[in-house]
Amino acid sequence: MKEFITIKNIGPLKHIENLGLLPFTVLIGESASGKSTLMKLISMMRYLYKMANIRSYLKHSKITSSPFRMRFDSMMKETGMYKMLDSSSVIRYSVVMDDETEYTILMENKKLGRLPIISSDHLVFNKVSYISENRNIIPTWAQKASQNTGATLGFYFHETNNDFVRASANDKEIPLDYIGMKLQITHPKGKPTRYTVIPNDSRHEPIDLREASSGIQTSASVALIVKNYASANGFSFKDAFKRSVLNYLYDMERLNKFRAVAEPSDLKKQVYIHIEEPELSLFPDAQCKLIEEIVLSATHADENREINMMLATHSPYILNYLNVLLNQTNAVRAQLSRTNTAVYRIYEGEIQDLLVQNERGRWIVDTYDLSELMSHIYNEFVNLDV
């Protein structure tokens, strides 16, 4: 299965044609270049494709009416992107199956076209997750959940927070090896969930996540959510299917008409995780180790699911470190390959592919432009009249 997206005239994005989306896709660009806009549009189209799969599953299972009613304009307003649209805006998202069958979702003239009916042979059960850049608020928010009723910090924060809360179910310890610590999660009776950061070498006493450094706060939620989705003991597709399909049929008294076209356990399962600025407040070395840790989690996910990950970043350290993951051969470490990796730079509303072959035939990320600034700073320093 392959994914492609075309975007025209949406905010800073002017013309992106048939952009290939691979299991590990990285976006980089200057501030306000459109990285987050592009990633949000991709996550939205993946969500719509998820809905198309559920609707198609029900249709093939003799349930003609769907529990889902979607208005594209409402979705765009909720996510804060409706004002970016005009009459020339286009979004076209396509999924091409191994047998070349193509399913397309199209938005033009501010209107969403009819969702495709997916063949029973091509049905996929998807989960779409978005990890927002303002996730550092989550530890404090979690401790005051009972006081936050009715409060809102935006669609994407609440999507992130919901994933964080679900990933926190049950007492557990999550390794944070990229900083030499672990996150302990406990549920005291009658009290809010407790999140404690514990150093692996006992160099200091355990601390509450709310009191930890900003880098620990922003990265711990990334590690927790990714590890939860990668594990069958974490996110349960079975429970998600029950919530999204079976509960609806029960409430509408239609279970007697339901004739499952396929067992949910037999459907292909994919998780799409979109992460804004994974490097936030982290020292460069920890940025690289965090990327290795989440890539390792994704590539060693439970065998009943496939993890697709997209990052939007400003970090030259992360991009340079991708060259290590693309070329190292140690089987116990994280590995990426040309076939599952895409790295794009957004520049003046268009896309530049940064993956190139060097003189030795190795695939690398071209980080020349990102390194040029460091050279410029150095040259400026040595030329000072001191």
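The values are calculated or read from the model by the stated rules, or taken from the named source; none is laboratory data. Note that the structure is predicted; figures quoted are calculated from it, not measured. Every residue, glycine among them, receives a Cβ derived from its backbone with ideal geometry; neighbour counts consider all protein chains shown. What goes into the accessible areas is simple: the full protein's heavy atoms, side chains included, and nothing from ligands, DNA or RNA. Shrake-Rupley method; radii C 1.70, N 1.55, O 1.52, S 1.80 Å.
Think of the chain as a dipole: +1 on every Lys or Arg Cβ, -1 on every Asp or Glu Cβ, centred on the Cα centre; then among Asn233, Leu296, Val261, Val261 lies furthest on the positive end. Annotation: Cα Rg of segment 185-276 relative to the compact-globule expectation 2.2 N^0.38 Å equals 1.59. Karplus-based coupling profile of segment 17-33, in residue order and whole Hz: 10, 6, 6, x, 10, 10, x, 10, 10, 10, 10, 9, x, 5, 4, 6, 7, with θ = phi - 60° in 6.51 cos²θ - 1.76 cosθ + 1.60 and x standing for Gly or Pro.
The trypsin sites (Lys or Arg not before Pro) of segment 48-115 meeting both criteria, a DSSP state outside H, G, I, E and B (loop) and at most 14 other C-beta atoms within 10 angstrom of the site's C-beta, are Lys62, Arg69, Arg71, Lys110, Arg114. Shape class of segment 82-190 from the alpha-carbon gyration tensor: prolate, with a/c at 1.5 or above and a/b greater than b/c. This model, with +1 at the C-beta of Lys and Arg and -1 at the C-beta of Asp and Glu, gives the chain a dipole about its Cα centre of some 2000 debye.
Placing R0 at 56 angstrom, the Cβ-Cβ distance between Ser375 and Ala260 gives a FRET efficiency of 0.35 after rounding to 0.05. For segment 173-237, the set of trypsin sites (Lys or Arg not before Pro) satisfying both a DSSP loop assignment and a count of at most 13 other C-beta atoms within 10 Å is given as Lys189, Arg203. A 1.4 Å probe run over the protein chains yields, for the chain, 50 Å² of accessible area per residue, whole-number rounding.
Stokes-Einstein diffusion coefficient for segment 150-214 at 25 °C in a medium of 0.890 mPa s, Rh from the Kirkwood formula over Cα pairs: what value in µm²/s? Roughly 185 µm²/s, to the nearest whole number. Here, P(r) means the percent of Cα pairs in each 5 Å bin from 0 to the largest distance; for segment 9-113 it is 2, 10, 19, 23, 19, 14, 8, 3, 1, 0.
Counting only the Cα atoms, the chain fills a convex hull of 189 Å³ per residue.
Scanning residues 5 or more positions from Val26 or on other chains, those with amide H under 5 Å from its amide H are Leu311, Ala342, Val343, Tyr344, with H placed 1.01 Å from N in the peptide plane. The orientation-averaged projection of the convex hull spanning the C-alpha atoms of segment 112-252 amounts to 12.1 square nanometres.
Percent relative contact order of the chain, based on C-alpha pairs within less than 8 angstrom and at least six residues apart? Here the relative contact order equals 22 percent.
Backbone phi angles across segment 283-292, fed through the Karplus curve with coefficients 6.51, -1.76 and 1.60 (θ = phi - 60°), yield HN-Hα couplings of 4, x, 4, 5, 4, 5, 5, 5, 4, 4 Hz in residue order; Gly and Pro are listed as x.
Amide H contacts for Leu280 (H built 1.01 Å from N in the peptide plane; partners 5 or more residues away or on another chain; cut-off under 5 Å): none found. Per the Debye calculation on segment 219-371 with a single equal scatterer at every Cα and no solvent contribution, log₁₀ I(q)/I(0) for q = 0.15, 0.20 Å⁻¹ amounts to -0.87, -1.29. Amide H contacts for Leu267 (H built 1.01 Å from N in the peptide plane; partners 5 or more residues away or on another chain; cut-off under 5 Å): none found.
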